[in-house]
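Okay, so here's the structure we're looking at.
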Amino acid sequence: MLGYGMIFALLLLLAFLILLAAIGIYVYRDAKDRRMNALLWTLVAVVAPFLTGFIVYLIVRGAHPNLRCPHCGTSVTERFLVCPSCGAKLRHVCPSCSFPVEEGWKVCPRCAAQLPEDGEAITPPRQKKDRALGKILAAIILVPLVLFALNLLLLTASPFGGGEAGGVGVTTMEAGDYLQTMLNPEIESWLQESQSGAADAYALRYETGEGEERRVEYLVYVSAWAGDASFSIGQTSDFFGRYVEIDCKDNGGGSESFLIVSGNGDPLPQLRLSFGGHPVSCEVREVDFPLDPDA
Ligand SMILES: [Zn+2]
Ligand SMILES: [Zn+2]
């Protein structure tokens, strides 16, 4: 079962990848329109960390305006006098030498000819409207906000978010001593099965009590654990429940021993075992007799 943290991390990764893909497609098309090096800029925008490549692209691209013929929409540059596609006049020119001139100039700077007061009617090229950029910038701001809100929502909706934390106790006991204390043939035969089994760890689980008295006991056997093994205990929770996490280190030597875990709270803690930091599988069997000699 995927933990809530894992699901959240996957969502985050997915959102980031989609955003990166959108940025890549946008930069490729936009750079191509502006006659910039589309492949290079796409690579820069997608690979550079923290979207720095994308930001640099947005700054640099200002020098390459994305101009269109106002009549047919063909991509043009500011140097074009007419649209190569439909022939629309895009700039004023000197009537005698055809040098491009600006609105309001009185004399041609190239041939010194007088320019007419009101020259030919022209339609200057237009900057292409850039709606996609607005969407991408909105996504960059909104995606983290939405994920943050989702995170809060999931935490509140999780049974642990509203429930009581409860407590957990873990003790070790030498297997022989434990069996003598409990005198339960079912536990003895379970241990024998476990010793010849293939799984990393085995556990018996016993649940008792009602309401606030409800508690759980685990008897844990791991073949690799020695009697003087040291272990660390942590408690975590996610969308699906609470966990008591026990990590053991084999200190070598010693005799076989059991871990006895007992806990309460709502929901009751589930067991997660690791050995030297590596998670191990654990076969859990429900039983209807107590397992904690101190309880
Ligand atoms: Zn045109
Ligand atoms: Zn001229």
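Values computed for the structure shown
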| item | result |
| --- | --- |
| Cβ-defined net charge surrounding residue 74, 12 Å radius [Lys, Arg +1; Asp, Glu -1] | +2 |
| For the chain: span of alpha carbons on each principal axis (Å, largest first) | 116, 41, 26 |
| Gyration tensor verdict on segment 67-127 (Cα atoms; rounded if a/c is under 1.5, prolate if a/b is larger than b/c, oblate otherwise) | prolate |
| DSSP bridge pairs, the chain: antiparallel proportion in percent, nearest 5 | 80 |
| With all protein chains modelled, accessible area of residue 181 [1.4 Å, Å²] | 80 |
| Relative contact order, percent, segment 45-133 [alpha-carbon distance under 8 Å, six or more residues apart] | 24 |
| Solvent-accessible area per residue, Å², over the chain with all protein chains present [probe radius 1.4 Å] | 59 |
| Dipole magnitude (debye, nearest 20) for the chain, charges at Cβ of Lys, Arg, Asp, Glu | 3880 |
| Label-point separation in nm, residue 7 to residue 107, each point 7 Å along Cα→Cβ | 7.8 |
| Where 52, 77 fall by accessible area, highest first, once all protein chains stay in place (1.4 Å) | 52, 77 |
| Charge-dipole axis of segment 67-127 as Lys and Arg at +1 and Asp and Glu at -1 on Cβ define it, positive-most pick from 100, 87, 77 | 77 |
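The values are calculated or read from the model by the stated rules, or taken from the named source; none is laboratory data. None of these values were measured; they are calculated from a predicted model. Quick reminder, even Gly has a Cβ in these numbers, built from the backbone with ideal geometry, and neighbours come from all protein chains shown. Side chains are part of the model used for accessible areas, which takes the heavy atoms of the whole protein and leaves out ligands, DNA and RNA. Shrake-Rupley method; radii C 1.70, N 1.55, O 1.52, S 1.80 Å.
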